[in-house]
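Since the structure comes first, as structure tokens, the remarks are kept for the end.
The numbers here are math on the coordinates, done by the rules we state, and not lab data. Note that the coordinates shown come from a computational prediction; the quantities given were computed from them, not determined experimentally. Methodologically, a virtual Cβ is constructed for each residue, glycine included, from the backbone with ideal geometry; neighbour enumeration extends over all protein chains shown.
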Amino acid sequence: MNFVALLLTLLVGLFILLGSFIGLNYKDNKRFTDFSISVAFGVIISLILFELLPETFEVLNGEIGVVRTIFVIIILSLIGITLLKLLDLFVPHHEHEVHHKHQHSSDKCHNDHLYHIGIMSSIGMIAHNIIEGMSLYLVSSTSLISGILLCIGIGLHNIPMGLVISSTLTSSIFSKNKVLKISLIVSIATFIGGILMFMIGGVSELIEGILLGLTLGMLIYISIFELFHQIYHMKNKKITITGIVVGVVLLVISIILGHTH
């Protein structure tokens, strides 16, 4: 059962590679990039509101109580945001909103910002996927059917993240081979989480809550300071709204499947 559980954590990461392959082989790159970013925004916002926030509250509430839980979640989220902001300073080719609109619309500025979104999203998803891999391993070790359902659920919202990583990085300065290598690193993060859980045998509720809180902050940073900044400047609002709706629907379906266990 432990071998099968590890196999599922490896399999679920392949959904990110699937999304990357789709993104790399789509011809209308500008429209597809905007759509991918919108889908990813819908997925991450829904993931924060419907999954991570409630789960973090539930885990910590059982350990430290309601009032402390609210305070700790705020602190952990701020720490997660700060961690990505510090990493932000070391990621080159980034143009912030302080530039004028005509500067932002230039090809170089646009490509630089897409590069930044791709890198920061990859960092945030690695942290998130490691924790998901730990959870998937525990569930699969207990019930194979539940593990398969959870694997499908996680995989559904991993596909849009593979899309946004590949479409943003190929629109900037990265070759297809480099994009696939980055996507591979992100995809095996879930497997790494499974291996960690296999080696240590489990973690306490408090540690799990802390990890979830930090991840929550990282995803808040990505959604607000990276993805939303790009969405705000998109001209085709129909693509933007459609992408966000698709992202929300995908996440809701994945939650339903994941919670079936």
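Here are some notes:
- Centroid-to-centroid separation of segment 216-248 and segment 116-152 [C-alpha atoms, Å]: 22
- Along segment 52-64 the Karplus relation, 6.51 cos²θ - 1.76 cosθ + 1.60 evaluated at θ = phi - 60°, assigns HN-Hα couplings of 5, 4, x, 5, 4, 4, 5, 5, 6, 4, x, 9, 10 Hz to successive residues, with x for each Gly and Pro.
- Interchain or long-range residues, amide H under 5 Å from H233's placed H: none
- In order along segment 196-207, the phi-based Karplus estimate (6.51 cos²θ - 1.76 cosθ + 1.60, θ = phi - 60°) of 3J(HN,Hα) comes to 4, 5, 4, 6, 8, x, x, 10, 6, 4, 5, 5 Hz; Gly and Pro are listed as x.
- For the peptides 216-222, 238-244, 67-73, 16-22, the ranking by mean Cβ contacts within 10 Å, running from highest to lowest, is 216-222, 16-22, 238-244, 67-73.
- Pairs from the table (K178/K237; K85/K181; K85/K178; K181/K237; K30/K178; K85/K235) lying more than 29 angstrom apart at Cα are K178/K237; K181/K237.
- Among E226, E208, E63, a tally of other beta-carbon atoms within 10 Å of each Cβ gives an order, fewest to most, of E63, E208, E226.
- With θ taken as phi - 60° and the Karplus curve 6.51 cos²θ - 1.76 cosθ + 1.60 applied, the whole-hertz 3J(HN,Hα) list for segment 240-253 is 4, 5, 4, x, 4, 4, 4, x, 4, 4, 4, 5, 4, 4 Hz, x standing for glycine and proline.
- Evaluated with a Cβ-only charge set (Lys, Arg +1; Asp, Glu -1), segment 147-261 carries a dipole of roughly 620 debye about its Cα centre, given to the nearest 20.
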